[in-house]
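Notes follow the structure.
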Amino acid sequence: QVQLVESGGGWVQPGGSLRLSCVTAGRDVSGWTMNWYRQGPGKQRELVAQVFPSGNTYYVDSVKGRFAISRDNAKNTMYLQMTNLNPEDTAVYFCHAQQRLSAYWGQGTQVTVSS
């Protein structure tokens, strides 16, 4: 079992920044792909960013150049640095750990962008 706990969400004005954190426990996930998903009001859950065991990353087009995903395996923590936020980024953000057929989700953290 892998436990994932997100933190760092909140309310921010358009153009602002937030940093989300995801702390893992239960297993060593340094060899796992770590993902951030989000689900906005009335929308399907979507993949936002990935960081692979190699350190390579992937971003959905809508966040490229604004979001940065990273991981610190020594601290069992993954991050999502979000800048230049806009109202379309309003969503519950979920941490996700994946390896082959195993996958685990965090409980989510709310991010609200409004003036």
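The values are calculated or read from the model by the stated rules, or taken from the named source; none is laboratory data. Keep in mind that what you see is a predicted model, and the values were worked out from it rather than measured. Cβ sites come from the backbone with ideal geometry, for glycine too, and all protein chains shown count toward neighbours. Ligands, DNA and RNA are excluded from the accessible area calculation, which covers all protein heavy atoms including side chains. Shrake-Rupley method; radii C 1.70, N 1.55, O 1.52, S 1.80 Å.
The trypsin sites (Lys or Arg not before Pro) found in region 37-115 that occupy coil by DSSP, while having at most 11 further C-beta atoms within 10 Å, are 43, 64, 100.
Computed over protein heavy atoms with a 1.4 Å probe, the carbon and sulfur contribution to the accessible area of the chain reaches 48%. Listed values for region 90-101 are Karplus-derived 3J(HN,Hα) couplings in whole Hz (6.51 cos²θ - 1.76 cosθ + 1.60, θ = phi - 60°), namely 4, 4, 8, 9, 10, 8, 9, 10, 9, 8, 6, 8, and x replaces Gly and Pro.
Here the Gaussian network model covers the chain, with springs between Cα atoms less than 10 Å apart; of 13, 44, 99, 44 fluctuates the most. If the Kirkwood radius is taken over C-alpha pairs of the chain, then at 37 °C and 0.692 mPa s the Stokes-Einstein diffusion coefficient equals 234 µm²/s. Charge tally for residue 1 (other residues, Cβ to Cβ under 13 Å; Lys, Arg +1; Asp, Glu -1): 0.
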